[in-house]
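Engineer: Okay, handing you the structure first.
Any read-out appearing in this document is the output of simple, stated calculations on the displayed coordinates, not a laboratory observation. Computed from a predicted structure; not experimentally measured. Ideal geometry is used to build each Cβ from the backbone, glycine not excepted, and the neighbour counts take in all protein chains shown.
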Amino acid sequence: MTNLAIAANGLRKSYGDKVVLDGVDLAVPEGTVFSLLGPNGAGKTTAVKILSTLISPDRGCGEIRVGGHDLAADAQAVRAAIGVTGQFSAVDGLITGEENMLLMADLHHLSKREGHRRAAELLERFDLTDAAKKPASTYSGGMKRRLDLAMTLVGNPRIIFLDEPTTGLDPRSRHNMWQIIRELVCDGVTVFLTTQYLQEADELADRIAVLNDGKIAAEGTAEELKRLIPGGHVKLRFEDPAAYGRAAAALRETVRDEQALTLQIPSDGTQRELRAILDRLDSAGIEADTLTVHTPDLDDVFFALTGGAGVPHQAKEALR
């Protein structure tokens, strides 16, 4: 049986008449990346704040366990097991990177010797040694986020909540952060990730849940979620209008664009379907100038699940 790092049943939170979380169930296996997606205001940060003991859930929730500890009965043990990197950096720009690290070591009650050892180890791991003596205010955005995460790791947490950790980073810094997250998971750390970047979830997450209107709209692997969405197709483009016309006659169920000389054929993107299309073209002696295959991606999933259209009810129920 897989051990769960996080298990929450019926997670609820309201602010007055505004229901933010409405009976959310979460199960996150140890040593995995779990990504919670959703539009702004969907409740992602609220879920992180509850699971990291920063705010309390509403009464009537089911049991919530983090790191094997009951959130209600032993919040202090939960805090000792987790680290949190929020949307906004906790870095103090008035002191150096090293001093930020040593401050965190003091907060974790490490000895002076152990604190210096841990700080030096993490600064090296996050490629910040050369900048360690410089004020953090001089760091780039990517360096500040790396320092922020390094500070989170001072206490050696086994569960880390990353709330939109790469917001505002350039593509290179974002990819560097992804590599750091992968390395943490290889070391057995569990990562609970919220993000606005769907590619980030696709790249990193073992399982993804899409939160909408306070409920989990669907949950599964990236590939399982993509299979929920219709709209995969093969697009053929022709330079020769005559070849375009013959292809349109040979292929059924096509969406035609007479001006662009393109044909779009519904397809699930499998090798079998692609071969069938090419065989029909070959039999008619037709050759397209370009061929592209589009399969639904997480953007399609996100818009369908949070926009209220495009996903069969039975398919969503199968992944709940």
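Engineer: Looking at this model, which pairs from Lys49/Lys144; Lys49/Lys134; Lys44/Lys144 are more than 25 angstrom apart at the alpha-carbon?
Structural biologist: On the way: Lys49/Lys144 22 Å; Lys49/Lys134 32 Å; Lys44/Lys144 23 Å.
Result: Lys49/Lys134 exceed 25 Å.
Engineer: Taking 0.36 nm per intervening residue step and subtracting the Cα-Cα distance, what contour gain separates Val19 from Asp92 on full extension?
Structural biologist: On the way: separation 73, 0.36 × 73 = 26.28 nm, distance 3.42 nm.
Gain on extension, Val19 to Asp92, equals 22.9 nm.
Engineer: Where both partners of a DSSP beta bridge lie in the stretch 83-206, what percent of those bridges are antiparallel, to the nearest 5?
Structural biologist: Details: 1 of 9 bridges.
Close to 10 percent.
Engineer: Go ahead and run the numbers for FRET between Ser137 and His175, Cβ-Cβ distance against an R0 of 22 Å, rounding to 0.05. Walk me through the numbers on the way to the answer.
Structural biologist: On the way: r = 25 Å, r/R0 = 1.12.
Result of the calculation: an efficiency of 0.35.
Engineer: Right, next: Only bridges whose two residues both fall in the chain count here: according to DSSP, what percent of them are antiparallel, nearest 5?
Structural biologist: Numbers: 33 of 50 bridges.
Expressed as a percentage, antiparallel bridges in the chain total about 65.
Engineer: Further, regarding this structure: What percent do you get for the relative contact order of the stretch 233-294 when only Cα pairs under 8 Å and 6+ apart count? Could you put the intermediate results ahead of the total?
Structural biologist: On the way: 90 pairs, mean separation 31.5, N = 62.
Relative contact order comes out at 51 percent.
Engineer: Given labels modelled 7 Å from the Cα in the Cβ direction, how far is it in nm from Ala120 to Ala72?
Structural biologist: 4.7
Engineer: While we're looking at this one, here's another question. Going toward the positive end of the dipole of the chain, with +1 on Lys and Arg Cβ and -1 on Asp and Glu Cβ, which of Thr295, Tyr139, Gly245 do you reach last?
Structural biologist: Tyr139
Engineer: While we're here: Return Ser52, Ser14 ranked ascending by Cβ neighbour count within 10 Å, so the fewest neighbours appear first.
Structural biologist: In order of increasing Cβ crowding within 10 Å: Ser14, Ser52.
Engineer: Now for a different question. Where in the chain are the DSSP H helices whose C-alpha atoms run 30 Å or more along the long axis and whose mean Kyte hydropathy is at least -1.0? Don't skip to the answer; put the middle values down first.
Structural biologist: Numbers: long enough: none.
Once both thresholds are applied, nothing remains.
Engineer: How high is the relative contact order of the chain? Use alpha-carbon pairs under 8 Å, at least six apart in sequence, and give a whole percent.
Structural biologist: Contact order relative to length: 19 percent.
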